[in-house]
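What follows is a set of notes on a single structure, which appears directly below.
The values are calculated or read from the model by the stated rules, or taken from the named source; none is laboratory data. The shown structure was predicted, so the numbers you read here are calculated from the model rather than taken from an experiment. FYI the Cβ positions are ideal-geometry reconstructions off the backbone, even for glycines, and counts take in every protein chain you see.
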Amino acid sequence: MLVFAFFSTLGSAIFFYLSFPKQRWLSAPLSAHPARWVSLVLAALSLWAWSSFYTPKSAFFITLTLLMFFFMLLPFLGLWRQAGGSHDE
């Protein structure tokens, strides 16, 4: 269940990120309305999954912290992917 909680949080962040026009993973962004609804559902599922292991307050904190981490990480992964995934000097 912890793996499900983690990956549903990750999936929520990915769908939310891919719905924005400035994302760098796809040639065109996903349709905003459906992608953000999927993101919201995955975030609610992750909160529910984290709540099965931790108190509701802790689960809420874990969900938000992971979402913030992924929101910070995803744009940098897009830039790294766009650069070819390597660091040439």
Leu73 passes all but one of the listed conditions (1) assigned to a helix (DSSP H, G or I); (2) in contact with a Ser or Thr (Cβ under 9 Å, 6 or more places away or on another chain); the exception is number (2)
Being part of a loop (DSSP other than H, G, I, E, B) and of a type outside the set (Ser, Thr, Tyr) is the filter here, so list the residues in the stretch 25-44 that pass it. Trp25, Leu26, Ala28, Pro29, Leu30
Per the filter on the stretch 45-68, residues more than 18 Å from the chain's Cα centre (by Cα) and in a helix (DSSP H, G or I) are Ser51, Pro56, Lys57, Ser58
With the requirement that a residue be within 18 Å of Arg81 (Cβ to Cβ) and either modelled with pLDDT of 95 or more or surrounded by fewer than 19 Cβ atoms within 10 Å (Cβ to Cβ) (or both), what does the stretch 19-64 give you? Phe20, Pro21, Lys22, Gln23, Arg24, Trp25, Leu26, Ser27, Ala28, Pro29
Write out, first by first residue and then by second, each pair whose Cβ atoms fall under 7 Å of each other, whose residues are 6+ apart or on separate chains, and whose first residue, in the stretch 73-84, is closer than 10 Å to Trp25 by Cβ while the second is in a helix (DSSP H, G or I). Leu74/Ala13; Leu74/Ile14; Leu74/Tyr17
Considering only residues of the stretch 1-17 that are among the aliphatic types (A, V, I, L, M) and under 8 Å from the mean Cα position of the chain (by Cα), which is modelled with the lowest pLDDT? Ile14
